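Please treat every number below as a calculation from the coordinates, not as lab data. Keep in mind that this is a model prediction, so the values were computed, not measured. Cβ: placed from backbone, ideal geometry, glycine included. Neighbour counts: every protein chain shown.
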Amino acid sequence: MNSTRRITSTAAIAATVLLAGGLAGCSGGDDAGEGGGDGGGLEDSYTVATDTSFVPFEFQEEEGGEYVGFDIDIINEIADRVGFEIELETTNFDGIIPGMQTGTFDIAIAGMTITEERREAVDFTSPYYKSGLRIGVPADDDTITSIDDLEGKTIATRLGSTSANYIEENIEGATPNTYEQLDQAYLAVEGDGADAVLYDAPNVEYYILTAGEGKLKTVGELIEAQDYGIAVGKGNEELVTAMNESLAEMIDDGTYTEIFKEWFGEEPEWLDDLAASQD
Ligand code: ARG
């Protein structure tokens, strides 16, 4: 399903799930946008791709169908500061990079892990979120307690994700069941379709606090530290630089933490690490 929506970069967004209410920390945009020169220059407006469903980074509000989430607030704040309008497009996660390669999307924010393989297709900003993978199992399961217990098991995850790669490369004899929508993966584990789910820690944790409450639980340690970056089509170095400046600024001035608290209810414990990994 594809839907296109125009949002203004100053739109205040209300969270409806769990951490309800509140306005995103929108501080006024200071225009850093001076085009010209090499590296593509800066435009007034960019097409920004995001995924259809990745709580609490991007998802559709039940009422009104507006796309909301941590990623949406972060990209709006960056757009304000750099000085561009956003044309938001939603698509399945595995369609994002192909769409950037053909130039359909200029920018993508979708909890996307920075990987060397993806760097061949797109550029990334500095990290904007420190993540990792987590195992989820049915709440009443006590046979799987760590990653070692996943050997030979059927593991649900999302098509085209770093978790799907992880299962193939690191878990012996495991069968990855990959779905276009992660909701389907969670449903598979809740039914008989898979023994466990492996996916991004913040998503698994948030799901268990909300729709998956009482159905799933997490087990084991955080697996494989990952950084999320905002992807930018190749050949737009100036845009990447401008976005990196804004990101570093909002981490320094507390806006990043404000937005984070809206969605995760607490301050990021890895804020210093994140600040140190800015360009
Ligand atoms: N971080 C993982 C990856 O980059 C999963 C991201 C999923 N994001 C999403 N919007 N569905 O592969």
So the angle from the long Cα axis of helix 255-264 to the longest Cα principal axis of the chain, reported in degrees to the nearest 10, equals 30 degrees
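Using the crude model of +1 on Lys and Arg Cβ and -1 on Asp and Glu Cβ, and no other charge, please compute the dipole size for segment 170-279 relative to its Cα centre, in debye to 20. Don't skip to the end; give the middle numbers.
Details: 4 positive and 26 negative charges, 103 e Å.
Charge dipole, segment 170-279, about its Cα centre: 500 debye, nearest 20.
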Per the rule of 0.36 nm per residue minus the C-alpha distance, extending Q278 to L222 adds in nm 17.9 nm
Residue-normalised 222 nm signal for the chain, counting each DSSP H run of n ≥ 4 as -39,500 (n - 2.57), nearest 500 deg cm²/dmol, is -8500 deg cm²/dmol
With +1 on the Cβ of every Lys and Arg and -1 on the Cβ of every Asp and Glu, the dipole magnitude of segment 132-190 about its Cα centre, in debye rounded to the nearest 20, is 220 debye
A276 neighbourhood, Cβ < 13 Å, K/R = +1, D/E = -1, net charge -4
Per principal axis, largest first, the Cα atoms of the chain extend in Å by 58, 39, 38
If every Lys and Arg gets +1 and every Asp and Glu gets -1 at its Cβ, then about the Cα centre the chain yields a dipole, in debye to the nearest 20, of 560 debye
For segment 209-279, listing GluC sites (Glu not before Pro) in a DSSP loop whose Cβ sees at most 12 other Cβ atoms within 10 Å gives E213, E266, E269
Among segment 143-167, those whose backbone N falls under 15 Å of a label point 7 Å along Cα→Cβ from Q101 are 160-161
In degrees, nearest 10, the alpha-carbon axis of helix 237-252 is tilted away from the dominant principal axis of the alpha carbons of the chain by 70 degrees
Taking Y166, Y228, Y128 and counting other beta carbon atoms within 10 angstrom, the fewest-first order is Y166, Y228, Y128
Bounding extents of segment 129-279 in its principal axis frame from Cα atoms, largest first in Å, are 48, 34, 24
